[in-house]
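Accompanying notes for the structure given below.
The values are calculated or read from the model by the stated rules, or taken from the named source; none is laboratory data. None of these values were measured; they are calculated from a predicted model. All Cβ positions, glycine included, derive from the backbone under ideal geometry; neighbour counts span all protein chains shown.
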Amino acid sequence: MGQQQLLLVVLGVIVVAIAVVVGFNMFNSNAISSNRDSIVSDLNNLGTMAQEYWRRPSAMGGGDRSFTGWTIPAHVDSTPNGVYVATVAAQTMTIVGTGNEIYNGSPVVHTASVTPFSISIVQTH
């Protein structure tokens, strides 16, 4: 094999290696972004459930203008997206969603602050 052909083979191997590394990094970045979006969506859904409970009269199984007594339903406290934990007070509550993807050595974490009329979600990690 000539020197020129050998140089082309080496160059081809380098290009393929770079493409594999870039593809791997893009895949990881997309997985983390997708997990963040899924956690935010789940937190919005849980916040809406809590607000529905707050509005529902106690005679119909609701909180009668209080979050006290609301718990995360068993079928959504742990999903393929992550794990959710609620801290409930009478007129406000927080729900922490911990994702399954790891970013910089720690899991993806978002916190939702829920009041009777608003849901605010912030990224805590």
Within the stretch 73-125, how many residues turn out to be more than 13 Å from the chain's Cα centre (by Cα) and crowded, with 17+ Cβ neighbours inside 10 Å?
-> 5
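Give the stretch 65-96 a look and list any residue that's among the small types (Gly, Ala, Ser), free of Cβ contacts under 8 Å to residues at least 40 places away in the same chain and closer than 15 Å to Trp54 by Cα, or say none. Spell out the reasoning first.
First, pick out the residues of the stretch 65-96 that are among the small types (Gly, Ala, Ser): 66, 69, 74, 78, 82, 86, 89-90.
Applying the additional criterion that residues be free of Cβ contacts under 8 Å to residues at least 40 places away in the same chain yields 66, 69, 74, 78, 89-90.
Within the stretch 65-96, Ser66, Gly69, Ala89, Ala90 meet the criteria.
Residues of the stretch 93-107 being part of a strand (DSSP E or B), out of contact with any Pro (no Cβ under 9 Å at 6 or more places or on another chain) and either more than 18 Å from Ser38 (Cα to Cα) or not hydroxyl-bearing (Ser, Thr, Tyr) (or both), which ones?
Met93, Ile95, Val96, Gly97, Ile102, Pro107
Give Gly63, Gly47 a once-over and let me know the one that is farther than 15 Å from Asn100 by Cα and either more than 18 Å from the chain's Cα centre (by Cα) or not in a helix (DSSP H, G or I) (or both). Full working, then the answer.
Numbers: Gly47 fails: either more than 18 Å from the chain's Cα centre (by Cα) or not in a helix (DSSP H, G or I) (or both).
Going through Gly63, Gly47 in turn, the sole match is Gly63.
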Do we have Val83 as more than 14 Å from Ile119 (Cα to Cα), part of a strand (DSSP E or B) and at pLDDT 95 or above here?
-> yes
Checking Ala90, Ala31 in turn, the sole residue that is closer than 29 Å to His125 by Cα, at pLDDT below 95 and part of a loop (DSSP other than H, G, I, E, B) turns out to be Ala90
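Right, His110: closer than 18 Å to Asn28 by Cβ and either in contact with a Gly (Cβ under 8 Å, 6 or more places away or on another chain) or assigned to a loop (DSSP other than H, G, I, E, B) (or both) or not?
no
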